[in-house]
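Below is one structure, written out as C-alpha cells; the observations come after it.
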There are 2 protein chains.
Amino acid sequence: MLREAVYHVAHGNYAYPVSEDTLRIMLRTAKGDLQTVSVLYQDRYGGSEPFVAPMEVAAEDELFAFYQTELVLDTKRFGYVFLLDDGKNAVFYTEKGFFDEVPPNTQFHYPYIAIRDLWQPPTWAQGAVIYQIFPERFANGDPTNDPSNVEPWAMLPTVTSQKGGDLQGVIDRFDHLVDLGVELIYFTPVFLAPSNHKYDTVDYYTIDPHFGDEETVRELIKLAHDHGIRVIFDAVFNHSGFGFFAFQDVLEHGEKSPYAHWFNIDSFPVQTDPPNYETFSNQIATMPKLMTDQDDVKDYFLEVGRYWVREFGIDGWRLDVANEIDHQFWREFRQAVKAESPEALIVGELWHEASEWVRGDQFDSVMNYSLQYACLDFFARGTIRAQSFANRLAKVQVNHTQAVNLSMFSLLGSHDTERFLTTCGGNVQKFSLAVAFQLTYAGAPMIYYGDEVGMEGLNDPDCRRGMIWDPEEQNLELLAWHKELIALRKEHKVLRSGRCRTVWADSATNVYGFVRFSQGEQVLVLLNNSPKAQNIGLEKIQWPVAVPKQVQDLLTKETYPLGEVRLEPHGTMILA
Amino acid sequence: MLREAVYHVAHGNYAYPVSEDTLRIMLRTAKGDLQTVSVLYQDRYGGSEPFVAPMEVAAEDELFAFYQTELVLDTKRFGYVFLLDDGKNAVFYTEKGFFDEVPPNTQFHYPYIAIRDLWQPPTWAQGAVIYQIFPERFANGDPTNDPSNVEPWAMLPTVTSQKGGDLQGVIDRFDHLVDLGVELIYFTPVFLAPSNHKYDTVDYYTIDPHFGDEETVRELIKLAHDHGIRVIFDAVFNHSGFGFFAFQDVLEHGEKSPYAHWFNIDSFPVQTDPPNYETFSNQIATMPKLMTDQDDVKDYFLEVGRYWVREFGIDGWRLDVANEIDHQFWREFRQAVKAESPEALIVGELWHEASEWVRGDQFDSVMNYSLQYACLDFFARGTIRAQSFANRLAKVQVNHTQAVNLSMFSLLGSHDTERFLTTCGGNVQKFSLAVAFQLTYAGAPMIYYGDEVGMEGLNDPDCRRGMIWDPEEQNLELLAWHKELIALRKEHKVLRSGRCRTVWADSATNVYGFVRFSQGEQVLVLLNNSPKAQNIGLEKIQWPVAVPKQVQDLLTKETYPLGEVRLEPHGTMILA
C-alpha cells in the first residue's frame, strides 16, 4: 500500500455537506493500489458503534484514484476514519496517520452541518447553457449611436477597431439566442469606456452611449427574462479606465486628491509614460489598478455590484481579473449582491486552479479554462490521447464540489483566446466532436458568440470579428448540431444536474466516453476522436455502481443486442 | 522519484504572503526522496526570465519532507513551477502535473499579494505566555458573594461543587501572575450561569454575582492592563443555558414565542426529559443549541462579542465549541470584534485539525490539542519515542502558517483534561521536561492554573480542584522552573517569534532537540526524555541553512569544545 499517496482533509472538496444530515467525502489513494476502501463513522461524541460506508472510485488520473461516498447522521456531527485494504493488509487512515487499531482522538471530524454552510451555486446556473456576447461585435442594431470611426462589419478587426455593435443589436437578434436554446447571456463590459472591449471603465453607472442607454438595458433584460433567459454583466473592479473620475481627480490634484489612496502611486506628480502607478498587468497606463482593500474604494464598488442587480435586475456578475483582488472584498461583495438577490450568480475570471475562491464565501463559479485546455489538446491539437484527456478531466473534477462542477463555465473559447475551430485548423468534424463533449459533459457550457455558426479567428483581436449573420456564410449544419445538443440537454435533466463519470478512455482507438447519471436517469456519451471508424465492445464499459445492471442493459443492449457499437470517424454516440 | 507523494496547492499553508512582496511556499515530497528542490518563479504575466529559489526541508514526518522557501517579486504576482531532482532525473512539477519541459499555462499562480490578505494574528499574541483561570477554583477574594452551598476549598470537587472562587480572588492573587510572567489571562466563562463552570450561560450581559460585578471586571482588567497583561473571555455561543431568556420564552410560549426559531425544536410543547430539541453534545437538556445561522440570533451574539470588547476593554475571545457554529457566523464575528479593536484576539476551541478556521477570515488561533496529545504520549505516557514525537510535531507545524503556529495555544492541560502531572504518574521530572519543551517551542504556551505549583487531578471534575496557595503545599521548585523558563523566553525574543526546526530526534536515546532561529538570534534546546544520562555529539545536529556555521559553533563549541554535551536524566539543555 502506497501510504504517501493517501490524502484526505475534512473540508473543501474532500468533505462537504450536501444536505442537512449528509456529508459527501472523498479520499485519494494511489491508482489501482487498493481492493476496498470504506469509512467507519459515528457521531463525533461517540455513544454508538460506527456505521460502515463503502467507498467507490469516482475519478482517476494517471497517479491517483479518488474514492467517494456519502455519510448520513441525523445528529449532523461526524467523526470518521478510513479502512484501506489492499488485499494483503488492512489499515486505518486517520487524521493523525495510519494505524492498525484506531487510537483515541485520531478521527477526522466534520464537526457539524450548519444550515448556513450548506452552500451551493444557484440551482438555475447549474448546467445552464451560456452565451457570451462581446457587444461591439455581435450586431449593430442602432447605427445612430455608432462611434465616428466605424469600420465595415466584415473587415478583420484590429486592436482599436470600432464596428458599431450595440445592445439594440442584441435585442434585434434575440431570436437567434432563443432558437439556439440559450439560458444565460454573459455580456463583456457595457459601461462607458473608450475602447471597443470596454475593460477600461470610465463610469460604472453609465451604459456606454455607443451601446445604448438605460432604457435599452431595461428592454433587453425584460426581453431576456420574458424568455426565461438570465443576464450577467462584467465587473471590472481590479482596475479602472484612465478617464474614471477618481483617477482624473488624482491626475489633476495629485496627492491632495481625496482619491489619491484609491490607486497605488509611487510618487507625485502622476506620470503616465511610463506609468508611475500600479496598473493591470505590467505598465498598462490606461488601466490603473484600484486599491479595493481601502474601505471607501471597497464601498464604492460594492454599491456598483448592488446597483445593477437592484435597479436593473441583472442576474449576477462575471468578475474580471478576479484573483488579483483581495479575498475579503469578494466576501463582502458576495454578501452585498446576495442581499439584493439571493439567486444572483457570481462568477470569477480565473484561468488556473480556483478552489480557494469557490468555497462558499466568495464565488459561485469560475471560468473553466483547465477544461478548455484539455479540450484544445485532445480535440483540436491532438497532442494528448483519450487516457490523458480523462486524466486531465479528473484533475479538474476532484478540485471542486459536485454543485460547483455543474456550475463551472465550460468554455471552448472566449474573447481572450483563439477560436476553437481555428485551433482545429478549420476542421469542423473535430470542432463538432468537442461541442458534443461540451454540451453533454458536467458544467455550464459557454458558447462564445459566433462559434455556433463556424466563425474563426486567431487570438485577440482576430477572435473578436463581427458576427456572421448571413445564412449563406454561416455553417448551418454546425448551428443545427448545437441546437440538437442543447435540445437534448433540455430533454434530459441528467445532462444538466447529473453526476458524471468517465466510463471509457482508450488511447489506442482514441475513444473517450462518460456517463451522466442520477436517480432514475442516465445518458451514455461515446466520442470517437479519430479519423477512423471504431467498434466499441459495450461489455467493457466501466459503469458506476449507482447505475444498475438492468439500466446498463436498457441503455446499450436493447439498442445494440450484439454488444458492439460502431462509431463513425469523429463520430458521437449518445445513448439516452 | 515518488510522484504520488508530491503535493502543493497555491493557497493556505502551502502558499501565503508574509509581506507586500514576499510569498512563502511549501512543497511536500516523499521523505529522503530528492537531492534538490527549487522553484522557478516570475511575474505571472511573464516578461522576464524566471528567478530560481532553492528550497530547504523545514519539517519531516515519517513519510514526507516539507520544503519551504520565500519568493520575492515587486509586482506581487507570482507564477511558479518546481524543479525536483532525485539525482537521476530532474522533472518539473506544475499545477497540471509533472513534465520534462514546462508547457504553457501550467504554472501555479499566486495571483496578487493584496494588503488585506496579508493577514496574521495580533503580534502581541504570537508567542505570548497564557494563563488559564477557572474562576470558581482560583481564589475566593470575596466570601460575601459565595453561593450558599460552598464546600471547603481543599475538598476534592464533584461535578456540582461550589467553592466560592471569584474575580476578587484573581485581583488579590494578581502578584502570582505577575511574578510568573503571564502575558495573557484566559478566563473560562464569567457570565451569569447556574453551574460552577458557567458554560450554561443565562445572561451574556451580566457577570455572575458569585464571581463579582461589572466593577470587579473593570478593576481586574485595569489591573491587568496596568501590568501589560491582556485578558480574554470565553464566548459560549454554540448553546445557551436553560435559563437564557430566549429559551425560557420558548418554554413558556411554545411555537408562538418570537424566539422559537432561536433553537431547533422537534415539536411543541418543548419537553426536557429527554429533550425534544437540539442540544450541545447529545441530549444535554440544560444546554439548548443556538441557531446562530438565523439572522437575529447572529446579530444578538455579534453584539455580545462587540459589547465586552467595547465597554470593558477585553482583549479578545476564546470561542467555545467553535467548530459546531457555521463559518459565516465566525466571519462576521471577526469583522464585528476587529471593528471594535483591530488588536483583539480570536481563539477557537478545536481539538482536531483546524486549518479551515485559521485562514484569515475566522480565527487567529486555536487550542493546540494535537501538540498536547504528542506531549502526553512522549513525555507523560512514554508511548512514543523521540522520532515519533518529531513526526507528530511536524504534522501540526505544516498545517498552518508560521504566524499561526506562533499563536496556537500550546497547552499541556486544561479544564477539560486530566492534569499533565497526573498523567506523568506524579513524576515531576517528566513534567518539568514537558514544561521546558512547552515554554521554548513555537507557540503561545498556556499554563492551566495550578499546574505551575504541581497540582494534580484526573479529568473533570478532579482537574478543577481549588488552587493551592499554601507555599508549604506548592511545589516551589516547579514554580521556579516555570519562572526561569518564562524569564528566558522574555530575554530571547527568538523564543517568542523565531522559526522552529527539529535538529535532533533519536529514538534510541530518546533525546529530542530543536532550534529556534531568526535573523541574528538562535536558541538550541535539547531534551533528554530518558531516565539515563545521555551524551550528544554536537556535530550531528542538523542545523537549518539559515543558521551560519559560525553561529552554530558559537552556540555549541564555545561552551563544549570537545563537541559533546552531557544531558542529565530527564535533563534539559538550553543553549542561547
The answer for GluC sites (Glu not before Pro) in the range A:94-197 that fall in a DSSP coil and have at most 11 neighbouring Cβ atoms within 10 Å is A:101
Per residue of B:345-354, count partner chain C-beta atoms within 10 Å of its C-beta, then hand back the mean as an integer.
3
Which of the aspartates and glutamates could be linked to residue A:557 by a straight reach, that is with a Cα gap under 14 Å, when you skip same-chain ones fewer than 8 residues away?
A:539
When only C-alpha pairs under 8 Å and at least 6 residues apart count, what is the relative contact order of chain B, in percent?
11
FRET efficiency for residue A:427 and residue B:532 from the Cβ-Cβ distance with R0 = 51 Å, rounded to 0.05, comes out at 0.10
Enter the mean number of other protein chain beta carbons within 10 Å of the beta carbon of each residue in A:148-155, as an integer.
0
Between residue B:282 and residue A:553, what FRET efficiency comes out of the Förster formula 1/(1 + (r/R0)^6) with R0 = 45 Å and r the beta carbon distance, rounded to 0.05?
0.45
Listed pairs A:289/B:490; A:483/A:532; B:395/B:540 exceeding 32 Å between Cα atoms
A:289/B:490
Quick one: work out the % antiparallel among DSSP beta bridges in the range A:249-384, nearest 5.
40
The range B:49-165: relative contact order in percent, alpha carbon pairs under 8 Å with at least 6 residues between
15
I need to check one value: relative contact order of the range A:185-252, counting alpha carbon pairs closer than 8 Å and at least 6 residues apart, in percent.
39
What figure, in Å² to the nearest 10, do you get for the accessible area of residue A:456 with a 1.4 Å probe and non-protein molecules left out?
60
Find the accessible area per residue for the protein assembly as shown; the probe is 1.4 Å, ligands and nucleic acids are left out, and the unit is Å².
36
Net +/- balance of residues flanking residue B:82 in space, Cβ distance below 11 Å, scoring K and R +1, D and E -1
-1
Whole Å is fine, so just give me how far the alpha carbon centre of the range B:536-576 lies from that of the range B:106-163.
36
Diffusion coefficient in µm²/s returned for the range B:1-74 by Stokes-Einstein, Kirkwood Rh over C-alpha pairs, 20 °C and 1.002 mPa s, is 164
Heavy-atom accessible surface that A and B bury in contact, both chains counted, 1.4 Å, Å² to 100:
5100
Given label points at 7 Å from Cα along Cα→Cβ, what nm distances, shortest first, separate residue A:542 from the same residue in every other copy?
3.8
Positive end of the charge dipole of the protein assembly as shown (Lys, Arg +1 and Asp, Glu -1 on Cβ, about the Cα centre): tell me which of B:236, B:365, A:529 has its Cα farthest that way.
A:529
Mind checking B:24-32 for the average number of partner chain beta-carbons within 10 Å of each residue's beta-carbon?
1
Of all DSSP beta bridges in chain A, what percent run antiparallel (nearest 5)?
75
Taking all protein chains as present, what is the carbon and sulfur share of the accessible area of the protein assembly as shown, in % to the nearest whole number, probe 1.4 Å?
49
Zone of residue A:253 (label point 7 Å along Cα→Cβ, backbone N under 11 Å): which residues in the range A:260-290?
A:260-261
Can you give me the Cα centroid spacing of the range B:427-504 and the range A:187-213 in angstrom?
65
Long-range amide H partners of residue B:39, meaning residues 5 or more apart or on another chain whose placed amide H is closer than 5 Å, are B:53, B:55, B:83
Straight-line reach only, C-alpha to C-alpha below 20 angstrom: list the aspartates and glutamates that residue A:430 could link to, leaving out same-chain residues fewer than 8 apart.
A:377, A:418, A:451, A:452, A:456, A:473, A:477, A:484, A:506, A:568
FRET efficiency estimate (nearest 0.05) - Cβ-Cβ, residue B:540 to residue A:9, R0 25 angstrom
0.10
Which percent, nearest 5, of DSSP beta bridges in the protein assembly as shown are antiparallel?
75
Between copies, how close do the residue B:22 label points come, placed 7 Å along Cα→Cβ, listed in nm from shortest?
4.9
Under a Cβ-only charge scheme (Lys and Arg +1, Asp and Glu -1), can you give me the dipole magnitude of the range A:217-333 about the Cα centre, in debye to the nearest 20?
420
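The values are calculated or read from the model by the stated rules, or taken from the named source; none is laboratory data. The structure displayed is predicted, hence computed values, not measured ones. As a convention, Cβ positions derive from the backbone with ideal geometry for all residues, glycine included, and neighbour counts pool all protein chains shown. Keep in mind that these areas ignore ligands, DNA and RNA; they rest on the heavy atoms of the full protein, side chains included. Shrake-Rupley method; radii C 1.70, N 1.55, O 1.52, S 1.80 Å.
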